[in-house]
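Here the structure comes first, spelled out in structure tokens, and everything after it is commentary.
The values are calculated or read from the model by the stated rules, or taken from the named source; none is laboratory data. Only a predicted model underlies this, so the values are computations on that prediction, with no experimental measurement involved. Don't worry about glycine lacking a Cβ; one is built from the backbone with ideal geometry, like all the others, and counts go over all protein chains shown. The accessibility values were calculated without ligands, DNA or RNA, using every heavy atom of the protein model including side chains. Shrake-Rupley method; radii C 1.70, N 1.55, O 1.52, S 1.80 Å.
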Amino acid sequence: MENRILKLTEILNESENIVFFGGAGVSTASNIPDFRSSTGIFSKKLNRNISPEQAVSHSFLIQHPDEFYDFYKKNLIYPDAKPNDCHYALAKLEEMGKLKAVVTQNIDGLHQMAGSKVVYELHGSVHRNYCQNCYKKFDASYVLEAEGEPICDACGGKVRPDVVLYEEGLDQNVINNAINAISAADTLIVGGTSLVVYPAAGLLYYFRGKNLVLINKSATSADNSADLLIQDDIASVMKLAVEAMEE
């Protein structure tokens, strides 16, 4: 393990254009559960005969808005969550001029809270909500405090989260920015993701740089392609590697 940390530190020191691509495992150290492990959100069963995937789908929002928001508020918004060592390590790399972008599948906003400036949120953010009629913007607390479906205080329209639900497509501008960043990177660090969610996982195919680093507790489909594979907790790995750069 120590040798792999030293190798990661060496790669970070030598790189000038790093991009980080992360998933739910990045935020588990912030007490936000992941989605696809045996104890994750999407392994839970609801009281009614639907899956959690259906509960956060576009059609469920339209057909059963009160039940959608009940599930959404209980399982996808974590107002007390704070950034962990991985988030802070990435913000430090950006501050050093090494990291050029974070591409994340997470919707928790913790990268920005830690200080990262260039963050491409593939699946949106719980911190952004908008009226579907007049497009007034609302924060997460407005949704949390609403009873049932949140209603716009300006026009009475329906407020929805700026989050990509099941059955909805990703924002093309965000995808393009992510592709451009990954295509230009000399090092791509992939962490905390099972690489089973597409089209997000397909972004790895755009990497043409020197070092593909994969940090994940469980095996992924890209393990054999990695120049450096570390199967450990990403928060501790990134913290140790970035701290070693400054010694």
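Measuring from label point to label point, each 7 Å out along Cα→Cβ, what is the L144 to Y166 span in nm?
2.6 nm
Note down the net charge around L110, summing +1 for each Lys or Arg and -1 for each Asp or Glu among other residues with Cβ under 13 Å from its Cβ. Display every interim value, and only then the final one.
Numbers: positive: K82; negative: D80, D85, D108, E121.
Residues close to L110 contribute a combined charge of -3.
If you split all Cα-Cα distances of region 83-225 into 10 Å bins from zero, what percentages do you get per bin, shortest first?
11, 35, 33, 16, 6, 0
Under 25 °C and 0.890 mPa s, how fast does the chain diffuse according to Stokes-Einstein, given a Kirkwood radius computed over C-alpha pairs? Answer in µm²/s, whole number. Working shown, then result.
Details: Rh = 18.8 Å.
In µm²/s, the coefficient is 130.
Within the chain, which cysteines find no other Cys whose Cβ is under 4.7 angstrom from their own?
Among the cysteines of the chain, those whose Cβ sits 4.7 Å or more from every other are C86.
I need to check one value: relative contact order of the chain, counting alpha carbon pairs closer than 8 Å and at least 6 residues apart, in percent.
Once normalised by length, the contact order is 25 percent.
Where in region 126-192 are there GluC sites (Glu not before Pro) that are in a DSSP coil and have at most 10 other Cβ atoms within 10 angstrom of their Cβ?
Numbers: sites: E145, E147, E167, E168; in loops: E147, E167, E168.
Here the GluC sites (Glu not before Pro) that fit, given the DSSP loop and packing criteria, are E147.
If one computes P(r) from the Cα atoms of region 172-238, what percent of pairs lie at distances over 20 Å?
Details: 587 of 2211 pairs.
In whole percent, the long-distance tail amounts to 27.
Filter the chymotrypsin sites (Phe, Trp or Tyr not before Pro) in region 127-196 to those in DSSP coil with at most 13 other Cβ atoms within 10 Å of their Cβ, and list the result. Don't jump to the answer; show the numbers that get you there.
Values: sites: Y130, Y135, F138, Y142, Y166; in loops: Y135.
When the chymotrypsin sites (Phe, Trp or Tyr not before Pro) of region 127-196 are filtered for loop state and at most 13 Cβ neighbours within 10 Å, Y135 remain.
Just the number please: accessible area per residue for the chain, 1.4 Å probe, all protein chains included, in Å². Walk me through the numbers before you get to the answer.
Details: 12020 Å² over 247 residues.
Dividing the accessible area of the chain by its residue count gives 49 Å².
Report the full-extension gain for the segment V197 to S51: residue separation times 0.36 nm, less the Cα-Cα distance, to one decimal in nm.
Net length gain for the segment: 50.9 nm.
Please report, as a whole percent, how much of the solvent-accessible surface of the chain comes from carbon and sulfur atoms (probe radius 1.4 Å). Spell out each step's value before the answer.
Working: 5690 of 12020 Å².
The computed percentage sits at 47.
Leaving out ligands, DNA and RNA but keeping every protein chain, what accessible area does S30 have, in Å² rounded to the nearest 10, with a 1.4 Å probe?
My reading of the accessible area for S30 is about 10 Å².
Over region 176-245, what relative contact order in percent results from Cα pairs under 8 Å that are six or more residues apart? Don't skip to the answer; put the middle values down first.
Details: 94 pairs, mean separation 20.3, N = 70.
Relative CO of region 176-245 lands at 29 percent.
Looking at the chain only, what percent of DSSP beta bridges run antiparallel? Nearest 5 please. Working shown, then result.
Details: 8 of 30 bridges.
The antiparallel fraction comes to roughly 25 percent.
Where does the charge balance sit around D171 when Lys and Arg score +1, Asp and Glu -1, over other residues with C-beta under 12 Å from its C-beta? Please report the intermediate quantities before stating the final value.
Values: positive: R128; negative: E121, D162, E168.
After counting each charged neighbour, the total is -2.
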